[in-house]
Amino acid sequence: MVRLLPKIKESYFIIFLDNYFTSIPLFLKLRAKNISAVGKTRPQGTEFPALLITLRQKWSTKLD
């Protein structure tokens, strides 16, 4: 679907994704095409960086 977006010089798009479609390799490919993406992540995924898992464990909080 992203390939169908109009190509407008000096413009960019931001797409919002469900966690089913969110992956770091996909975001890298989109960024190379000047398309930003936002989405929930699955920290159990195989491509999820270890540093982000560590930061999440250290800094995230949960409500009781």
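The values are calculated or read from the model by the stated rules, or taken from the named source; none is laboratory data. Bear in mind the structure is a predicted one, so any value in this text is a computation, not a measurement. We place every Cβ from the backbone using ideal geometry, glycine too, and count neighbours over all the protein chains shown. Side chains are part of the model used for accessible areas, which takes the heavy atoms of the whole protein and leaves out ligands, DNA and RNA. Shrake-Rupley method; radii C 1.70, N 1.55, O 1.52, S 1.80 Å.
Expressed as a whole percent, the accessible surface of the chain that belongs to carbon and sulfur atoms is 61, based on a 1.4 Å probe.
Ranked by the mean number of other Cβ atoms within 10 Å of their residues, highest first, the peptides 24-35, 4-15 come out as 24-35, 4-15. A 1.4 Å probe run over the protein chains yields, for the stretch 1-40, 92 Å² of accessible area per residue, whole-number rounding.
Taking the Kirkwood radius as Rh and the Cα radius of gyration as Rg, the chain has a ratio of Rg/Rh equal to 1.08. The lysine pair tally for the chain, using Cα distances under 23 Å and a gap of 8 or more places or different chains, is 7.
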